[in-house]
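The values are calculated or read from the model by the stated rules, or taken from the named source; none is laboratory data. No experiment lies behind these values; they were computed from the predicted model shown. Heads up, the Cβs are rebuilt from the backbone with ideal geometry, glycines too, and the neighbour counts pull from every protein chain shown. What goes into the accessible areas is simple: the full protein's heavy atoms, side chains included, and nothing from ligands, DNA or RNA. Shrake-Rupley method; radii C 1.70, N 1.55, O 1.52, S 1.80 Å.
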Amino acid sequence: MSLSSQPGSSLHHQVMDSLGRLIASPEYGPGATLPNEEELCERLGVSRTAVREAIKALSAKGMLEARPRTGTRVRPQEQWSLFDADVLGWLCSQGVDQELGRHLMVMRGILEPAAASLAARMHSDAQLLALQQAFAAMEAATSIDEWVVADLAYHQSILQATGNPLLISLGGIVASALESLLTVNAQQAGQFNDGLLMHGKVLAAIERRSADDAQLWMRALLADTIARWGAPA
């Protein structure tokens, strides 16, 4: 294990990031005991204080539990703060597995049709323009990477257009997970841009401020992907 190197990040964040990725990796699953402080210090090349601060931060995120005599253990994943951007990022750095993908798709199936409906009613001209630009980038995409960047911007633009700060915040939190999910979806599709027509239908409904149609087309857009992940519709 090496110390994570992120430009501009503090030593504290680098140590936390390295340990977070370790905990989310197959090497250390729920119930596993982390190496002791001395070994972690040696492996990361940092002080005991840095390791202790990182463990404290990861405990606050629900990932670790430190107990006298038994050491520091990894807590069950359902106790992790999964709406924490760091935690989701560490999980997705390992790739989106089938279980996590199903959970994400269930959440999308609940939230995104309602968000599209709200966006149709509430969007400003500037928010609509951002959504139109994201869709245009999807139309112009010539690779999976270009498609995923544009697709992520499209879905985040819809959340922005709701005007609801909680939904907007949620979009930022789950961005890394959604990006990984969209990449897998594009790879599994016959052509990476197979969903372009449906995205256009959602956009058209939002443009004409038809809340019911926006919700209907977003549900249709998500239906195939939800089925592909084996998630309940």
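The residues of segment 82-93 that are in a helix (DSSP H, G or I) and surrounded by fewer than 17 Cβ atoms within 10 Å (Cβ to Cβ) amount to a single one, ALA85. Considering segment 97-141, the residues that are closer than 23 Å to THR183 by Cα and basic (Lys, Arg) include one that is modelled with the lowest pLDDT, namely ARG102.
Considered as a group, the residues in segment 20-31 that are surrounded by 12 or more Cβ atoms within 10 Å (Cβ to Cβ) and not aromatic (Phe, Trp, Tyr) include one that is farthest from GLY95 (Cα to Cα), and that residue is PRO30. Taken over segment 71-96, the criterion of being at pLDDT 85 or above, of a type in the set (Val, Ile, Thr) and under 14 Å from the mean Cα position of the chain (by Cα) is satisfied by VAL87 alone. The helices (runs of 4 or more DSSP H) falling completely within segment 117-195 that include 3 or more residues that are in contact (Cβ under 8 Å) with a residue 12 or more places away in the chain and open to solvent by less than 30 Å² (accessible area, probe 1.4 Å) map to 125-140, 144-161, 175-188.
Cβ-Cβ distances below 7 Å connect the following pairs, each with a first residue in segment 62-88 that is within 23 Å of GLY171 (Cβ to Cβ) and of a type in the set (Phe, Trp, Tyr), a second residue that is modelled with pLDDT of 85 or more and surrounded by 15 or more Cβ atoms within 10 Å (Cβ to Cβ), and a separation of six or more residues or different chains: TRP80/LYS61; TRP80/GLY62; TRP80/MET63; TRP80/VAL87. In segment 32-81, of all residues being touching a helix residue (DSSP H, G or I) at 6+ places or on another chain (Cβ under 6 Å), assigned to a loop (DSSP other than H, G, I, E, B) and on the phi < 0 side of the Ramachandran plot, the one that is least open to solvent (accessible area, probe 1.4 Å) corresponds to MET63.
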